[in-house]
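Q: Structure below; questions to follow.
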Amino acid sequence: MSQRGGISKPILPGQTVGIYGGGQLGRMLAQVARRTGYRVHVFTPEDDSPAGHFANQVFVAPDTDEEAFRRFANSIDVLTFEFENVSAASLEWVPERVPIRPGPQVFWTAQDRGREKAFLQKYGLPLPKFATVDSLADLERAAQVVGLPAVLKTSAGGYDGKGQAVIRDSSELANAWQAVQERPSTLEAFVDLACEVSVIVARDVWGACGVYGPIENHHTNHILDLSVCPARVEAGVAHRACELARKVADHFELVGLICIEFFVTAEGEVLVNEIAPRPHNSGHLTIEGFAVSQFEQQLRCVCGLPLGSTVQRTPVAMANLLGDLWFPHEPNWRALLASPETYLHLYDKNSPRPGRKMGHVTVCATDVERAALTAVNARDSLGLPWE
Ligand code: AMP
């Protein structure tokens with residue numbers, strides 16, 4: 001691990017937090033950082049980025065642009081991230097005085113499913129049965145070892161179900177190999193899911209952990225649709241998920257945030273699905289539902305400050321707002337905002353597209369059923385015709 005991620009003088013208000021990436025996760029981090037009195041510099045290839053709107057300075061360039069990246073890196077006091085596909089080469093351009101949090105190792109691991117699974121397996125974390133695949137012949141062998149049905153997933157670059165193919169029987173192997181464009185992949189046993197949960201761990205420079213969750217996640221077309229917290233799982237399952245997530249953060253000696261997504265099987269087993277060393281969509285409900293949000297916690301950890309409180313204030317639900325809601329007409333904001341318990345977050349993206357994450361709504365209530373129902377009803381009301 002980079003020594004630079006270790007203990008150092010805290011970075012304080014007035015100093016500059018560098019955010020690698022310009023999306024909505026960076027936007028919500030930037031909002032908290034600005035509120036707290038930090039300066040924020042964002043590095044992004046996007047001209048008009050959600051995070052850029054809250055930055056003091058935006059560096060617009062691809063991360064292969066060494067000159068631009070060096071200017072950015074020289075202008076900041078700490079570097080953190082809002083996505084995991086960070087180019088390792090660019091981190092070499094960060095001056096020694098600037099801590100990189102989390103450190104490069106966790107990104108290198110999380111960028112490749114095969115590496116990620118090997119890391120988790122090495123530390124004894126429970127995973128679905130899997131095998132790595134580099135050719136059709138490999139896939140045929142892997143199907144014997146892993147068993148079918150199974151899911152073939154590209155090792156790099158897949159997200160929200162992209163680059164995945166379900167294989168029900170051996171007649172589908174060749175098609176699946178085409179579907180992943182013959183790229184290095186991982187074959188994973190198809191899990192009989194009772195539900196999916198995530199746990200977000202914030203780990204500070206001294207190794208103390210704050211844990212959010214488990215959060216119960218429901219997907220539609222592989223994209224997160226609805227999250228509720230606390231998850232409706234048995235206490236033993238909740239405890240195990242939190243314990244495993246903390247272990248992952250410790251094994252990486254992480255400084256910052258990491259989200260661990262789990263499969264909970266029909267038998268109550270808890271298996272790691274994937275990890276993301278950054279704030280997570282399922283953690284948006286921490287903004288209103290918890291004393292200190294995932295974003296504020298990220299800020300505290302990467303600035304070398306002690307953790308904030310992870311006490312949950314109230315049961316909470318979050319429904320994603322995808323670009324689909326912009327068709328056939330502009331969402332009916334008046335209808336949604338008529339609901340007094342609804343917190344609306346929009347990411348200020350200018351071109352809504354089906355499947356694109358445009359915002360979310362959060363609802364706090366006396367129980368998660370009520371919170372979820374109110375959030376979904378509020379979202380549905382966006383489809384009502386404008387008067
Ligand atoms: P991923 O991108 O790996 O998180 O996969 C996206 C979604 O596909 C997951 O959230 C699950 O709902 C489903 N999925 C992925 N892998 C499996 C599996 N091995 N068994 C069952 N469902 C899966």
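The values are calculated or read from the model by the stated rules, or taken from the named source; none is laboratory data. Computed from a prediction, not measured in an experiment: that's the story for all the values here. Here the Cβ is made from the backbone with ideal geometry for all residues, glycine too, and neighbour counts use every protein chain on show.
Q: Based on what the data block shows, is V205 β-branched (V, I, T), touching a Gly at 6+ places or on another chain (Cβ under 9 Å) and surrounded by fewer than 24 Cβ atoms within 10 Å (Cβ to Cβ)?
A: Yes, satisfied.
Q: Can you tell me which residues in the range 315-331 are more than 21 Å from V32 (Cα to Cα) and either assigned to a helix (DSSP H, G or I) or among the polar types (S, T, N, Q) (or both)?
A: Within the range 315-331, G323, D324, L325, W326 qualify.
Yes/no per residue for (1) closer than 30 Å to R101 by Cβ; (2) of a type outside the set (D, E, K, R):
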site: F295; (1), (2): yes, yes
site: L299; (1), (2): yes, yes
site: T310; (1), (2): yes, yes
site: M318; (1), (2): yes, yes
site: S339; (1), (2): no, yes
site: Y343; (1), (2): yes, yes
site: D348; (1), (2): yes, no
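Q: Next question, about the same structure. Which members of the range 56-82 meet the condition of being surrounded by 19 or more Cβ atoms within 10 Å (Cβ to Cβ) and either hydrophobic (A, V, I, L, M, F, W, C) or assigned by TED's automatic domain parsing to the domain that holds T154 (or both)?
A: V58, F59, F69, F72, A73, I76, V78, L79, F81
Q: Here's a follow-up. Of all residues in the range 333-348, count the ones that are at pLDDT below 95 and either within 21 Å of F54 (Cβ to Cβ) or exposed (fewer than 13 other Cβ atoms within 10 Å of the Cβ) (or both).
A: Adding up the residues that qualify gives 2.
Q: Of the residues that make up the range 242-257, is at least one touching a Gly at 6+ places or on another chain (Cβ under 8 Å) and within 11 Å of the ligand (Cβ to nearest atom)?
A: Scanning the range 242-257, I find no residue that is touching a Gly at 6+ places or on another chain (Cβ under 8 Å) and within 11 Å of the ligand (Cβ to nearest atom), so the answer is no.
Q: Output the number of residues of the range 273-292 satisfying the condition of being more than 16 Å from the ligand (Cβ to nearest atom), not in a strand (DSSP E or B) and either not assigned by TED's automatic domain parsing to the domain that holds F252 or not β-branched (V, I, T) (or both).
A: The qualifying residues number 6.
Q: Would you check if there is a residue in the range 305-314 being of a type in the set (V, I, T), touching a residue at least 40 places away in the same chain (Cβ under 8 Å) and assigned to a loop (DSSP other than H, G, I, E, B)?
A: yes
Q: Hey, could you check the range 178-227 for residues that are in a loop (DSSP other than H, G, I, E, B) and of a type in the set (A, V, I, L, M) and say which is modelled with the lowest pLDDT?
A: Ranking the candidates gives V180 first.
Q: A follow-up question, please. Among the residues that make up the range 255-262, is at least one of them farther than 27 Å from C364 by Cα, outside any strand (DSSP E or B) and more than 14 Å from the chain's Cα centre (by Cα)?
A: So far as the range 255-262 goes, yes, one or more of its residues are farther than 27 Å from C364 by Cα, outside any strand (DSSP E or B) and more than 14 Å from the chain's Cα centre (by Cα).
Q: Answer with yes or no whether A249 is in a helix (DSSP H, G or I), farther than 17 Å from T36 by Cα and in contact with a Lys or Arg (Cβ under 6 Å, 6 or more places away or on another chain).
A: The answer is yes for A249.
Q: Taking the criterion of being of a type in the set (D, E) and at pLDDT 95 or above, would at least one residue in the range 319-326 satisfy it?
A: yes
Q: Right, here's the next one. In this structure, does I167 turn out to be away from the ligand (no atom under 15 Å from the Cβ), under 25 Å from G355 (Cα atoms) and either buried (at least 20 other Cβ atoms within 10 Å of the Cβ) or in the same structural domain as P277 (by TED's automatic domain parsing) (or both)?
A: No, not satisfied.
Q: Let me ask another. Filtering the range 44-91 down to residues that are assigned to a loop (DSSP other than H, G, I, E, B) and of a type in the set (V, I, T), which residue is nearest to the chain's Cα centre (by Cα)?
A: V86
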